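Below: one structure, written as structure tokens.
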Amino acid sequence: MAEKKWYVVHTYSGFENKAKKSLEERIRLEGLQDQFGEILIPMEQVVEMVKGEKKTSKRKFFPGYILVQMEMNDRTWHLVKNTPKVTGFVGAASNQQPPPISDAEVQRLTTQISEGTLKPKPKVQFEAVRQLQRHGGRGEPRQGPAQGVGVDLRARHAGRARLHAGGEDERIETL
């Protein structure tokens with residue numbers, strides 16, 4: 001029996017769950033469960049603010065792709081390629097068997113999936129800056145060091161900061 005390796009399978013975007021279910025059903029009907037391992041949809045949990053409340057949802061970090069652990073042979077290759085909602089394997093011509101992904105890449109992806117489940121990431125991320133520049137608004141454009149950069153997800157604006165320039169502080173809100 002050959003060793004099971006991981007392969008990346010391209011699906012119709014938005015149909016990853018249906019492709020996974022169809023593939024699992026075809027594997028079961030063909031009696032090939034011993035030649036297949038896990039089938040993963042690369043997802044992580046994200047936290048976002050909706051109407052002032054934290055909501056946790058799942059986000060696909062590789063939309064349109066699933067990971068399949070399998071023994072590669074003609075029968076399994078054709079089974080996957082001919083599954084509804086599957087367009088083919090990544091990394092191979094239409095009539096050739098694909099190369100497996102490396103163990104390091106599999107480890108990185110499975111770690112990202114499990115970390116996303118354990119500690120959800122914020123859906124919107126901001127990076128603190130040292131310098132701010134304001135264009136428009138009242139007065140001339142100003143530039144100066146940023147002080148107190150923060151994010152208020154409950155408000156209608158995305159970010160808030162203080163700009164210190166010309167001896168005075170100015171509050172800036174971004175949309």
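The values are calculated or read from the model by the stated rules, or taken from the named source; none is laboratory data. Since this is a predicted model, take the numbers as computed values, not measurements. No Cβ is skipped: glycine too gets one built from the backbone with ideal geometry, and neighbour counts run over all protein chains shown.
Can we say I27 is assigned to a strand (DSSP E or B) and assigned by TED's automatic domain parsing to the domain that holds P98?
Values: assigned to a strand (DSSP E or B): no; assigned by TED's automatic domain parsing to the domain that holds P98: yes.
In short, no.
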Just to check your reading of the model, which residue among S13, S22 is of a type in the set (G, A, S), under 19 Å from F89 (Cβ atoms) and surrounded by 16 or more Cβ atoms within 10 Å (Cβ to Cβ)?
S22
Counting only residues that are without any contact (Cβ under 8 Å) to a residue 24 or more places away in the chain and within 23 Å of the chain's Cα centre (by Cα), the stretch 32-56 contains a total of 4
Would you check which residues across the stretch 75-92 are under 19 Å from M43 (Cα atoms) and out of contact with any Lys or Arg (no Cβ under 8 Å at 6 or more places or on another chain) and list them?
V86, V90
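So which residues in the stretch 83-97 are closer than 15 Å to T11 by Cα, in a loop (DSSP other than H, G, I, E, B) and touching a residue at least 24 places away in the same chain (Cβ under 8 Å), if there are any at all?
Applying the first criterion (closer than 15 Å to T11 by Cα) to the stretch 83-97 yields 83-92, 94.
Of the ones still in play, those that are also in a loop (DSSP other than H, G, I, E, B) are 83-85, 90-92, 94.
Listed by number, the residues that qualify are T83, P84, K85, V90, G91.
Quick check on the stretch 23-46. Is at least one of its residues of a type in the set (K, R) and touching a strand residue (DSSP E or B) at 6+ places or on another chain (Cβ under 7 Å)? Talk me through it step by step, then tell me what you get.
Taking the stretch 23-46 and keeping what is of a type in the set (K, R), we get 26, 28.
Restricting the remaining residues to those that are touching a strand residue (DSSP E or B) at 6+ places or on another chain (Cβ under 7 Å) gives none.
Looking through the stretch 23-46, none of the residues is of a type in the set (K, R) and touching a strand residue (DSSP E or B) at 6+ places or on another chain (Cβ under 7 Å).
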D103, sole failed condition from (1) surrounded by 11 or more Cβ atoms within 10 Å (Cβ to Cβ); (2) under 20 Å from the mean Cα position of the chain (by Cα); (3) not small (G, A, S)
(1)
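Test of understanding: among V68, V80, which residue is touching a residue at least 24 places away in the same chain (Cβ under 8 Å), within 19 Å of G31 (Cβ to Cβ), of a type outside the set (F, W, Y) and part of a strand (DSSP E or B)? If you could, list the steps in order and put the result at the bottom.
Working: V80 fails: part of a strand (DSSP E or B).
Going through V68, V80 in turn, just one is touching a residue at least 24 places away in the same chain (Cβ under 8 Å), within 19 Å of G31 (Cβ to Cβ), of a type outside the set (F, W, Y) and part of a strand (DSSP E or B): V68.
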M72 passes all but one of the listed conditions (1) closer than 25 Å to G14 by Cβ; (2) touching a Lys or Arg at 6+ places or on another chain (Cβ under 8 Å); the exception is number (1)
So how many residues does the stretch 25-36 have that are exposed (fewer than 14 other Cβ atoms within 10 Å of the Cβ) and of a type in the set (A, V, I, L, M)?
1
Looking at (1) of a type in the set (S, T, N, Q); (2) within 13 Å of V86 (Cβ to Cβ); (3) assigned to a strand (DSSP E or B), which is the one condition that is false for S22?
(3)
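Check the stretch 37-52 and report whether any residue there is small (G, A, S), surrounded by 14 or more Cβ atoms within 10 Å (Cβ to Cβ) and either touching a Phe, Trp or Tyr at 6+ places or on another chain (Cβ under 6 Å) or under 21 Å from N17 (Cβ atoms) (or both).
Taking the stretch 37-52 and keeping what is small (G, A, S), we get 37, 52.
Add one more test, that the residue is surrounded by 14 or more Cβ atoms within 10 Å (Cβ to Cβ), and what stays is 37.
Then keep just the ones that are either touching a Phe, Trp or Tyr at 6+ places or on another chain (Cβ under 6 Å) or under 21 Å from N17 (Cβ atoms) (or both); that gives 37.
Yes, the conditions are met somewhere in the stretch 37-52.
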